[in-house]
Amino acid sequence: KLERDGLSGLLAEAPFVKPPEKEYRKWNYWMMSQRAGSLSYLTFSAGFSLLVFMVFYIACDLCRLQLPIFRTFGTNALIAYILHSMVSSAVQPFFPKDSPYWYAYTGLALFFFMNWLFIRQLEKQNIFFRV
């Protein structure tokens with residue numbers, strides 16, 4: 001194999017240079033593929049998730065930064081999870097998939113507001129669902 005491919009057959013392509021065309025590109029461990037579940041993708045996504053978690057941990061737990069909307073959804077997360085599919089089913093027929101951006105964002109805002117409204121009412125009445 002070394003005689004046929006040379007030294008490049010044993011080494012992976014460098015990660016931060018422009019890759020060759022598809023027909024010349026070899027599969028290697030630098031390639032990220034969610035569909036294939038490659039190790040590089042899983043490592044990157046785990047690291048990125050930990051980074052986002054760390055930012056929220058520092059902001060919310062160490063610096064005591066609280067946004068009311070996060071507090072509302074966080075205190076009743078279980079009911080928010082159950083409720084969001086029902087609200088989505090109610091809102092989705094009014095917003096087709098081929099709608100313009102402004103219309104789609106309006107649908108997102110309506111969906112988010114309706115979820116928040118239900119969860120906020122439960123929070124005001126001190127009703128919390130926990131496992």
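The values are calculated or read from the model by the stated rules, or taken from the named source; none is laboratory data. None of the values given here were measured: they were computed from a predicted structure. Note that each Cβ is placed from the backbone with ideal geometry, even for glycine, and that neighbours are counted across all protein chains shown.
What to note about this one:
- Yes/no for R130 being surrounded by fewer than 17 Cβ atoms within 10 Å (Cβ to Cβ), in contact (Cβ under 8 Å) with a residue 24 or more places away in the chain, more than 21 Å from the chain's Cα centre (by Cα) and assigned to a loop (DSSP other than H, G, I, E, B): yes
- Inspection of the range 38-49 identifies no residue that is at pLDDT 75 or above, in contact with a helix residue (DSSP H, G or I) (Cβ under 9 Å, 6 or more places away or on another chain) and not assigned by TED's automatic domain parsing to the domain that holds G74.
- In the range 20-47, the residues that are over 22 Å from L10 (Cβ atoms) form Cβ pairs under 6 Å with partners that are among the hydrophobic types (A, V, I, L, M, F, W, C) and modelled with pLDDT under 85, at six or more places apart or across chains, as follows: Y41/M32.
- Among residues of the range 55-75 that are in the same structural domain as R120 (by TED's automatic domain parsing) and surrounded by 12 or more Cβ atoms within 10 Å (Cβ to Cβ), those with a Cβ under 9 angstrom from a residue that is at pLDDT 90 or above and not in a helix (DSSP H, G or I), sequence gap 6+ or separate chain, pair up as T75/F128.
- Filter result for N76 (at pLDDT 95 or above and in contact with a helix residue (DSSP H, G or I) (Cβ under 7 Å, 6 or more places away or on another chain)): no
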